[in-house]
1. If we scan region 93-110, do we find a residue that is among the charged types (D, E, K, R) and either at pLDDT below 95 or more than 16 Å from the chain's Cα centre (by Cα) (or both)?
2. State yes or no: is residue 26 closer than 20 Å to residue 6 by Cα and more than 13 Å from the chain's Cα centre (by Cα)?
3. What number goes with the only condition from (1) assigned to a strand (DSSP E or B); (2) farther than 30 Å from residue 1 by Cα that residue 92 does not pass?
4. Pull up region 7-23, narrow it to residues that are more than 19 Å from the chain's Cα centre (by Cα) and outside any strand (DSSP E or B), then point me to the one that is farthest from residue 124 (Cα to Cα).
5. Report, by residue number, each residue of region 73-83 that is surrounded by 16 or more Cβ atoms within 10 Å (Cβ to Cβ) and out of contact with any Lys or Arg (no Cβ under 7 Å at 6 or more places or on another chain).
6. So, in region 86-107, of the ones that are of a type in the set (Val, Ile, Thr) and within 23 Å of residue 20 (Cβ to Cβ), which residue ends up surrounded by the most Cβ atoms within 10 Å (Cβ to Cβ)?
Amino acid sequence: MAEMSWTVSIQISGGPNLSASSAPQSVEATDRVAVTLAAGDSDRVIELQPGAASAIRLILIKSSRYGAEFTAKASDGVTDSEPVTLDGPQVLTAGTAALLGVAPQQLKLSNASADQDIEIEVFVARDATPS
């Protein structure tokens, strides 16, 4: 079984520097998906994981470009979450995945740009055998 830890560091000029990190935690499965999202693509489905939100240890979404025209929604396969603007890297850890309002089994990515393709990378770490 793999061990995963993460660290976030924030530097504010003329202000505080903050950091947070997790202790190493066991993860049974990891997936990394890289896709090109063509201009005009809507609700392109990326399969994340088959289980409940409680199985998620980390979701990271990063893109080659950020802006109001790029969005992501989580879906349990039936119901979609509200869209989230990809205005920067998105990181959801453990319990924060529940804030999506659905068990994140899929991501639906959209690119409303008329002429700019983007590269999206999604990383998921999860418990493959939740109790």
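1. no
2. yes
3. (2)
4. 14
5. 74, 76
6. The selected residue is 93.
The values are calculated or read from the model by the stated rules, or taken from the named source; none is laboratory data. These figures come from a predicted structure and were not determined experimentally. All Cβ positions, glycine included, derive from the backbone under ideal geometry; neighbour counts span all protein chains shown.
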